[in-house]
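Note sheet for the following structure.
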Amino acid sequence: MLPFTRPSIGEEEQRAVAEVLASGWLATGPRVAAFEQALADYLGGGVTVRVFNSGTSALEAALIASGIGPGDEVIIPAMSFVATANVVVRAGAVPVFVDVDPVSRNLSVNTVETALTTQTRAIMPVHFAGRGVEMEPLRELARERGLLVIEDAAQAVGTRIDDTPVGASGNPVCFSFHPNKNMTTIEGGALACNDSGLIRRAERIRFHGIERDAEGVMDVLDWGGKMNMPDVNAAVGLVQLTRLERFNQRRRELALGYIEKLPRHPAMTLPVDVPGHSWHMFCVCVDFKALGTNRSAFQDRLRSLGVGTGVHYPAMHLYSHYRKFGYEPGDLPAAERIGEQTLTLPLFPAMTGDDLGRVCGAFEQLLRGGAS
Ligand SMILES: Cc1ncc(COP(=O)(O)O)c(C=O)c1O
């Protein structure tokens, strides 16, 4: 059975973990410091990086450290993992969902403009499945309107936009290192930015609000949580980072293989490659109704042919919790259609050409031979 994703963990990662376990220092320590520096060097642009116990924590810290709170609205795409919306609520602000482009699944400056109000404080684009958002028009709008830009780059480790790594821009950018991401620390996340004040606040939010003076005397300046990354995880990340470019190169080869070899069918829409795409996921849209079936039956048929798939994601504004903010079906049609039709195909660096052929063959069988 081919899963839709699988982390690539090798002997080097295992050795690195064993070394930390033997060192006697398991929680945040020298490996975290080294990992933060290695990530900053990888991204370039003079940014500082702080790591967290998850991408969700990094986003929470970025929002709160940016001063976002009650009375503020944060514009986000309706198509993302629900953490993107949940962190806005956690900060005390209101998420304002906007529709996305049907192909890139990313928000655009046009959809953002329709959602601006006097309460808008920030725009939080999501680089969906590793495809970079067109950032320059968004930055220009943000400059004109005095808005913050905080990037949810959970799915975009290694993505480049105009040949610059996502994360090197200087505004707050958050990554996830969950096991299904392009590199993993088991669980973990990172915040990159070039604002030293924001980094200081994020450090305090990460660890109980604690700040120490030059003599090491502890004070608590404001609220803080417990969001630090242990050294065990950082040790895994240090190794994974050295493999990231190879991982992403393999992801690209596989994605291009799918684009070339999957059957062309009027009921199926494929994603499109662009320079710098890091191919975190390969998500197609299938018009299940037109095929006389539904998604779960289609997934069952694929499973019986040895192919695992995922669903990324239902449109967020239609989750029960977010309907309470006043959203209804029909409000954001492109995100809703993606939510109904999306299917994630297997894509991970250890996948072979034969695996890819098996997936393409299964689609050939289901699309040409009847899916129901
Ligand atoms: C777009 C997006 N944002 C945020 C997150 C949260 O990251 P984590 O799972 O590391 O907390 C994820 C994780 O899947 C994600 O895909």
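The values are calculated or read from the model by the stated rules, or taken from the named source; none is laboratory data. These figures come from a predicted structure and were not determined experimentally. Virtual Cβ from ideal backbone geometry, glycine too; neighbours counted across all protein chains shown. Each accessible area value is taken on the protein alone, full model and side chains, heavy atoms only, with ligands, DNA and RNA left out. Shrake-Rupley method; radii C 1.70, N 1.55, O 1.52, S 1.80 Å.
Find the Cα radius of gyration of segment 245-369, compare it with 2.2 N^0.38 Å by division, and give the number to two decimals.
Rg over 2.2 N^0.38 Å, computed on Cα atoms: 1.14.
So what's the angle, to the nearest 10 degrees on a 0 to 90 scale, between helix 231-261 and the longest Cα principal axis of the chain?
Tilt of helix 231-261: around 30 degrees.
Rank these residues by their accessible area, most exposed first, probe 1.4 Å: Thr352, Thr242, Thr159.
Thr242, Thr352, Thr159
Can you give the charge dipole size of segment 273-335 about its Cα centre, rounded to the nearest 20 debye, using +1 on the beta carbon of Lys and Arg and -1 on the beta carbon of Asp and Glu?
Here segment 273-335 has a charge dipole of around 220 debye.
How much length is gained on full extension from Arg337 to Asp162, taking 0.36 nm per residue of separation minus their Cα-Cα distance?
Between Arg337 and Asp162, full extension yields an extra 60.1 nm.
For helix 196-206, what angle does its Cα long axis make with the longest principal axis of the chain, in degrees from 0 to 90 and rounded to 10?
Around 80 degrees separate the two axes.
Tell me the angle of helix 11-23 to the major Cα principal axis of the chain, expressed in degrees between 0 and 90 and rounded to the nearest ten.
30 degrees
Please state the shape class of the chain: rounded when a/c is under 1.5, otherwise prolate if a/b exceeds b/c and oblate if not, all from the C-alpha gyration tensor.
Oblate, because a/c is 1.5 or more while a/b does not exceed b/c.
I'd like the distance between the alpha-carbon centres of segment 240-295 and segment 42-112, rounded to an integer number of Å.
First find each Cα centre; the distance between them is then 24 Å.
Can you give the calculated 222 nm mean residue ellipticity of the chain, where each DSSP H run of n ≥ 4 adds -39,500 (n - 2.57) and the sum is split over every residue, rounded to the nearest 500 deg cm²/dmol?
-12000 deg cm²/dmol
Quick check for me: using +1 on Lys/Arg Cβ and -1 on Asp/Glu Cβ, what's the dipole size of the chain about its Cα centre, in debye to the nearest 20?
Rounded to the nearest 20 debye, it is 900 debye.
Tell me the accessible surface of Glu134 in square angstrom (1.4 angstrom probe, heavy atoms of protein chains only), to the nearest ten.
Here the accessible area works out near 140 Å².
Can you give me the distance in nm between label points at Val89 and Arg139, each placed 7 Å from the Cα along the Cα-to-Cβ direction?
3.3 nm
Going 7 Å from the Cα of Glu19 toward and past its Cβ, which residues in segment 228-246 have a backbone nitrogen under 16 Å from where you end up?
231-243
Determine which aspartates and glutamates satisfy two conditions relative to Lys226: a Cα distance under 20 Å, and not lying fewer than 8 residues away in the same chain.
Glu36, Glu60, Glu187, Glu203, Glu211
Which Cα, out of Gly197, Leu238, Met135, lies furthest along the positive dipole direction of the chain (beta carbon charges, K/R +1, D/E -1)?
Leu238
Starting from the Cα-Cα distance between Glu245 and Leu26, subtract it from 0.36 nm times their residue separation and give me the gain in nm to one decimal.
Computed gain between Glu245 and Leu26 is 76.1 nm.
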